[in-house]
Amino acid sequence: MAGAKVKRVNVVCDRRLEKYFGVTQKALDVVKSSEMDGPRRSQALDFLDMAQRYFSDAKHFREKGNYVLAFAAVNYAHAWLDAGARIGLFKVSDDSLFAADPQ
């Protein structure tokens, strides 16, 4: 697409932040209620813990008005969930929430 005009988005607005918080909260809820890989349960719980910590940080940054750090942290949180799903720690199949191969 040489020469095509690219729309530049350089603001983290309330709407965008709420979208990512909502998706990540849904993904956390699904993971918490899903089966985990038995032999690697401790690793699965570690991935979930990291996701929850980053999600908590994201909430803190949002409350303080630092939307850039909130956006970064909520995406890190979701990345931990995606990684856990991708390597089979979490038995999830919702491709609208996770970057995982279908079960």
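When Arg16 is tested against (1) at pLDDT below 95; (2) outside any helix (DSSP H, G or I); (3) not hydrophobic (A, V, I, L, M, F, W, C), just one condition goes unmet, and that condition is (2).
Taking every residue in segment 57-86 that is among the hydroxyl-bearing types (Ser, Thr, Tyr) and pairing it with any residue that is not in a helix (DSSP H, G or I), at least 6 positions away or on another chain, the pairs with Cβ-Cβ distances below 6 Å are Tyr67/Val12.
Scanning segment 47-67 finds one or more residues that are surrounded by 13 or more Cβ atoms within 10 Å (Cβ to Cβ), within 25 Å of Phe90 (Cβ to Cβ) and in contact with a strand residue (DSSP E or B) (Cβ under 9 Å, 6 or more places away or on another chain). Contact map, segment 40-52: first residue over 13 Å from Ala79 (Cβ atoms) and without any contact (Cβ under 8 Å) to a residue 12 or more places away in the chain, second residue surrounded by 17 or more Cβ atoms within 10 Å (Cβ to Cβ) and among the hydrophobic types (A, V, I, L, M, F, W, C), Cβ cut-off under 8 Å, separation 6 or more or different chains; pairs are Leu45/Met36. If you go through segment 19-45 and keep only what is more than 23 Å from Ala58 (Cα to Cα) and either in contact with a Pro (Cβ under 9 Å, 6 or more places away or on another chain) or assigned to a helix (DSSP H, G or I) (or both), you end up with Gly38, Pro39, Arg40, Arg41, Ser42.
Only one of the numbered conditions (1) free of Cβ contacts under 8 Å to residues at least 60 places away in the same chain; (2) not in a helix (DSSP H, G or I); (3) not polar (S, T, N, Q) is not met by Val92, and that is (1). Taken over segment 47-81, the criterion of being touching a Leu at 6+ places or on another chain (Cβ under 9 Å) and among the charged types (D, E, K, R) is satisfied by Asp57, Arg62.
The values are calculated or read from the model by the stated rules, or taken from the named source; none is laboratory data. Quick caveat, the model's predicted, so the values are computed rather than measured. Please note: Cβ atoms are built from the backbone with ideal geometry, for glycine as well, and neighbour counts cover all protein chains shown.
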